[in-house]
Amino acid sequence: MKVFSHLLLVTLSVLVLYGCASTTTKDGAAVEDKSAPGAETSGAGQGGVAGDMDNPASPLYKRVVYFDFDSSEVKAEDRPTLSAHAKHLAANPDELVTLEGHADERGSREYNLALGERRANAVRQLLMAEGVAANQIQTVSYGEEKPVATGHDEESWGQNRRVELVYSNRGQ
């Protein structure tokens, strides 16, 4: 019985330490906890840039850009953020980004899919103009199918008119 309790204690200790050492993102990718001594961020790339994606003070933290009604024009206020993402991607050729285009519920399903695609492509063109390789960028349109806000008012619609930048690494 004494051996069993020691084995149980060791097993629980390992599980606790393992649980503290990493977490997963919403897309299932493992991310190391930087607060643990000697831990590094998984997929950090050059200069620990992945840590900047978790820092609210960094322009890389913002990974959603919003659009005006029936528009695919990137707003001037979002250009510095996208420029920072372009620099990050250009410096880290193993990083991939999927640009997910979205629209609000107004308009037909087909129209909103096309609008989401135009929005994703507008962001793509901006990133490529700043040196990101075309093979690092994928685009997808969800149209109105994946709203973040379910209300039927301007505030909700404004949150749903967006492009999300979703990062991954090659080989994952």
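The values are calculated or read from the model by the stated rules, or taken from the named source; none is laboratory data. Just so it is clear, the structure is predicted and the values come from calculations on it, not from any experiment. FYI the Cβ positions are ideal-geometry reconstructions off the backbone, even for glycines, and counts take in every protein chain you see. Each accessible area value is taken on the protein alone, full model and side chains, heavy atoms only, with ligands, DNA and RNA left out. Shrake-Rupley method; radii C 1.70, N 1.55, O 1.52, S 1.80 Å.
Descriptive notes on the structure:
- Selection status of ARG79, basic (Lys, Arg) and either crowded, with 16+ Cβ neighbours inside 10 Å or out of contact with any helix residue (DSSP H, G or I) (no Cβ under 9 Å at 6 or more places or on another chain) (or both): no
- Among the residues of segment 100-109, none qualifies, meaning not one is closer than 15 Å to LEU60 by Cα and open to solvent by 10 Å² or more (accessible area, probe 1.4 Å).
- When segment 114-167 is filtered for residues that are part of a strand (DSSP E or B) and among the basic types (Lys, Arg), only ARG162 remains.
- Some residue of segment 110-122 being under 22 Å from ALA76 (Cβ atoms), among the basic types (Lys, Arg), open to solvent by 40 Å² or more (accessible area, probe 1.4 Å) and within 18 Å of the chain's Cα centre (by Cα): no
- Among the residues of segment 78-93, at least one is farther than 27 Å from PRO147 by Cβ, modelled with pLDDT of 50 or more and among the charged types (D, E, K, R).
- Residue tally, condition of a type outside the set (Phe, Trp, Tyr) and touching a residue at least 60 places away in the same chain (Cβ under 8 Å), over segment 124-172: 13
- Within segment 85-113, considering residues that are among the acidic types (Asp, Glu) and not in a helix (DSSP H, G or I), the one farthest from SER156 (Cα to Cα): ASP94
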